[in-house]
Every structure is written in C-alpha cells, then in structure tokens.
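Just below is one structure, and these are the notes that go with it.
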Amino acid sequence: MNTRARVALGASLAASFAAWAVRGRSSEVFGPSVWRGKTGRKAIALTFDDGPSPATPRILDILAGYSAPATFFQCGENVARAPELSRAVCAGPHEIGNHSHTHPNFALKRPAYIIDDFLRAQRAIEDATSRTPVLMRPPFGVRWFGFREMQERLGLMCIMWSVIGLDWKLGAPDIAGRVLAHARDGSIVCLHDGRGTLKDPDAKPTVEAVRRIIPSLLEKGYHFETVSQLVCRT
Ligand SMILES: [Zn+2]
C-alpha cells in the first residue's frame, strides 16, 4: 500500500471511529452508557422519548391495561409546558428520564452548554414531579465532549437502545414488525410519544404500534420492566 492509500485508509478509519464514538449505541467514549440488559431473562424495557405530549395519556392507558411499566425520557421544555402529563406518568409504575431541555444535537457544543441544558431539564422534571431522574438519553443518540462531566455532576447514566422503532417515519404495522422482529431478552426498545419539543405532534403510529407490540411480546413470554429495573438486575 502506498503512502497516499495509507493516509486515505487512516482518515476513513478515523472518520468511522468518530461516527461510532458519537452515535454508536455501544460507545462509552464520552461517558458511561448502557444499550441493553442481560440475556437470560425474558424482560424488555419499553422507552418513550420526546414527551410528554397529548399522546402520552393514550400510551399510559394502553400500558395500564397490561400493568406494564415503561420509561419516559422527557424534554424539560415539554415538561414545563405540560407538567400534569409528567405527573400522570409518575402516577403509574413508570420511570422518568432526562432527554435534555431543548432537544438539540450536542455535537460541537461546549461542555457548559451541555451541562446547562440537561440541568434545566432535570430541574423542570423535579419541579413537576418531585422526582430526580437517574437516567439520561441524548437527543439523536449524540454524545460529545462534556457528557462525562454532565453525567457525573447530575448523577445520570446514559441509556441508548437495542431496538429502535423508527416510529417518526414508519406506519404502525412496520413499527410493530421491526420491534417484534428484533426484541430479545434484555432489549431496550426506543419509541417516541413526542417529536422533539413540538407541542402537539402526531404520534398516532406509535400509539397504534404499542397496542400491537405489548400483547405480542406478552404472548412470547416476555414481561416489561423500567430501564432501572432491567439494568440494575444485570
Ligand atoms: Zn429525542
């Protein structure tokens, strides 16, 4: 291999490493992170990002019908706008995690900006629910320099996912099909009860998919846990 080819290969490897470090579900380059529970237990954690929104109570109703707990990674801005929806989540067996305040892409942002945005969300959730999240999910799955310090200061573990529903762009049958095809022991399933910080997003496909996913997984012998329950037992 000549020098130019070696340099090109090096650059391409560096680029793909950087992409994995920032967005890879198993990357812990920027801080401690978990993307699945242990195998060997038929437990699954359903997670919902970008809420709360007017769709949240509809998902809570479905979960309640099966006594299924779930984890909601909420945006502080949404919580501040609709604190009663966050409290409705807390009234059930569910967990609330921090999904930032304004749902930015944190790549290239300064550490102080990253810490401040998650701190604002942490306060908004505490003000609304009197609960202090111990879990965090980064918007778009993007971690950056400053995440490790933010996680240490706020006591937040980063939670990625093992199955992503692509529910912001697929219809209900395809969302449910993806989740059911990929769900395994210890899976953390990522769905959305909102869209960023939109006030009234269309989450109908997600709601309809959840209606299909839960009974199918129960039939396969799975049960549901919050992320903390799933991860703490591993
Ligand atoms: Zn999000």
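The values are calculated or read from the model by the stated rules, or taken from the named source; none is laboratory data. From a predicted model like this one, the values you see are computed outputs, not experimental measurements. Here the Cβ is made from the backbone with ideal geometry for all residues, glycine too, and neighbour counts use every protein chain on show. SASA here: full protein model, heavy atoms, side chains in, ligands and nucleic acids out. Shrake-Rupley method; radii C 1.70, N 1.55, O 1.52, S 1.80 Å.
Points to keep in mind about this one:
- Considering only Pro93, Gln74, Pro111, and ranking their Cα positions along the charge dipole of the stretch 72-126 that arises from unit charges at the beta-carbon of Lys, Arg, Asp and Glu, the one farthest toward the positive end is Pro111.
- Relative contact order of the chain, defined on C-alpha pairs under 8 angstrom at six or more residues apart (%): 31 percent
- With the biggest extent put first, the Cα atoms of the stretch 1-104 measure 64, 38, 21 Å across the principal axes.
- The stretch 76-116: equivalent-ellipsoid semi-axes (sqrt of 5 x gyration tensor eigenvalues, Cα, Å): 26, 11, 7
- In this rough spin-label picture, where each label sits 7 Å from Cα along the Cβ direction, the Gln229-Val29 distance is 3.5 nm.
- Based on every Cα atom in the chain, Rg and the maximum pairwise Cα distance Dmax equal 18.1, 64 Å.
- Leading residue at positive end of dipole, the chain (Cβ point charges), from Phe17, Ile125, Gly51: Phe17
- Residue-normalised accessible area of the stretch 28-130, given per residue in Å² at a 1.4 Å probe: 39 Å²
- The Kirkwood radius of the stretch 104-212, taken over pairs of alpha-carbon atoms, gives through the Stokes-Einstein law at 4 °C and 1.567 mPa s a diffusion coefficient of 83 µm² s⁻¹.
- Over the stretch 43-174, relative contact order from alpha-carbon pairs under 8 Å, at least 6 apart, %: 21 percent
- Each part reduced to its alpha carbon centroid, the stretch 114-176 and the stretch 89-103 end up 9 Å apart.
- Think of each Lys and Arg Cβ as +1 and each Asp and Glu Cβ as -1; about the Cα centre, that makes the dipole of the stretch 174-234 roughly 60 debye.
- The stretch 91-160: C-alpha pair distances exceeding 20 Å, %: 21 percent
- In degrees, nearest ten, helix 204-219 long axis to first principal axis of the chain (Cα): 80 degrees
- Top positive-direction residue, dipole computed over the chain with Cβ charges, set Gly171, Leu135, Pro32: Pro32
- Local charge for Pro54 was computed over the other residues whose Cβ lies under 9 Å away, with Lys and Arg +1 and Asp and Glu -1, and equals +1.
- Rounded tilt (10° steps) of 3-23 against the dominant C-alpha axis of the chain: 20 degrees
- Within a straight-line Cα-Cα reach of under 17 Å, Lys204 can be paired with the following aspartates and glutamates, leaving aside sequence neighbours fewer than 8 residues apart in one chain: Asp49, Asp50, Asp61, Asp167, Asp174, Asp193.
- Charge dipole of the stretch 54-115 (Cα centre as origin; +1 on each Lys and Arg Cβ, -1 on each Asp and Glu Cβ, all else neutral): 240 debye, rounded to the nearest 20.
- Here the extension length gained between Glu84 and Phe17 equals 19.9 nm, from 0.36 nm per residue of separation less the Cα-Cα distance.
- With a cut-off of 14 Å between beta carbons, the residues surrounding Arg131 carry a summed charge of -1, where Lys and Arg count +1 and Asp and Glu -1.
- Surrounding net charge for Leu218, when Lys and Arg each add one and Asp and Glu each subtract one, Cβ distance under 14 Å: +2
- Point-charge dipole on Cβ atoms (K/R +1, D/E -1) for the chain, about Cα centre, debye to 20: 760 debye
- Protein accessible area in the chain, 1.4 Å probe - carbon and sulfur %: 55 percent
- The chain: angle of helix 111-129 to the longest principal axis, Cα-based, in degrees nearest 10: 10 degrees
- In range of the label at Phe145: residues from the stretch 19-40 whose backbone nitrogen is under 16 Å from the point 7 Å along Cα→Cβ: 19, 21-22, 29-31
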